[in-house]
Amino acid sequence: GACMEASFRNTRRTLLDRGMVYVIAHVRGGGEMGRNWYEAPHGAKYLCKKNTFNDFIDVANWLIKDRNITSPNQLSCEGRSAGGLLIGAAINQAPELFRMALLGVPFVDVVCTMVDASIPLTIVEWEEWGNPNEEKYFQYMMEYSPTNNIKKNASGNYPACLLTGGLHDPRVQYWEPAKYAAELRYQTQAQADNNNSRPTCVKIDMTAGHFSASDRYKYLKELAFDYAFLLDQLGLYDSKAK
């Protein structure tokens, strides 16, 4: 993950012009609120990582219950790479809060990736997550790894999900979103059998790596695809920007 300060991006205007509210959640694990927001024991490093997911759930509840800005049938969420881990863990923990989730090149098979020292960044990332070759970190990671914690027989409970990946991604291999999607589909099979309109979709770019398209126009096409899925799931597909 990376710190994400509040800033203006013109690509968000199409959402704002349709009446959507765009929120950036500065959860623990980032550095936006200072070093203590990141470091253990008060931040979200090592054996405190669950604070990240708890904070995100708290933000969702604040938007819904405290401020009445949105509802579970209107709330969507998005995260990329390690942010995809956040989204996967959050919808596992409280799937009823979200209508749609976008997980871009998501780090969702945590233990399998972190035990493989041949993957770029793995050894360096042990300083962030801990080394799962040590029992205490292994057990803790298994408690939040998204692929390993999808709710059993979760019919009708999970949000619609779009997971993306790149065939040539050396950081988050394409099988991570594929594995998560396969397990989620299996556990929500009754949801699909009842013609529930909350699909789990996977989109793998056969020419891309971790950062998707470097071509400006291809990037905009990829973003338009994500937005189309989002607007469709929120029932805003026929609304026009004002």
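The values are calculated or read from the model by the stated rules, or taken from the named source; none is laboratory data. Since this is a predicted model, take the numbers as computed values, not measurements. Positions of Cβ are generated from backbone atoms using ideal geometry, with glycine treated the same way; all protein chains shown enter the neighbour counts. Just the protein is used for accessible areas: all its heavy atoms, side chains included, with ligands, DNA and RNA removed. Shrake-Rupley method; radii C 1.70, N 1.55, O 1.52, S 1.80 Å.
Looking at this structure, is Asn51 at pLDDT 90 or above and loosely packed, with under 12 Cβ neighbours inside 10 Å? Spelling it out, it is not the case that Asn51 is at pLDDT 90 or above and loosely packed, with under 12 Cβ neighbours inside 10 Å. If I ask for residues that are farther than 25 Å from Val124 by Cβ and over 20 Å from the mean Cα position of the chain (by Cα), which ones from the stretch 10-55 would you list? The answer is Asn10, Arg13, Thr14, Leu16, Asp17, Arg18, Gly19. Just one of (1) under 23 Å from Glu96 (Cβ atoms); (2) surrounded by 15 or more Cβ atoms within 10 Å (Cβ to Cβ); (3) modelled with pLDDT under 95 fails for Ile24. It is (2). In the stretch 203-218, of all residues being open to solvent by 100 Å² or more (accessible area, probe 1.4 Å) and farther than 23 Å from Ala181 by Cβ, the one that is modelled with the highest pLDDT corresponds to Tyr217. Note on the stretch 151-182: residues that are farther than 26 Å from Asn73 by Cβ and of a type in the set (D, E, K, R) total 4. Counting only residues that are of a type in the set (A, V, I, L, M, F, W, C), farther than 29 Å from Leu234 by Cβ and in a helix (DSSP H, G or I), the stretch 5-41 holds 1 of them.
Being among the small types (Gly, Ala, Ser), open to solvent by less than 20 Å² (accessible area, probe 1.4 Å) and assigned to a helix (DSSP H, G or I) is a property that does not hold for Ala44. Residue pairs whose Cβ atoms lie under 7 Å apart, separated by 6 or more positions or on different chains, with the first residue in the stretch 227-242 and open to solvent by 40 Å² or more (accessible area, probe 1.4 Å) and the second at pLDDT 90 or above and basic (Lys, Arg), are Leu236/Arg18; Ala241/Arg18.
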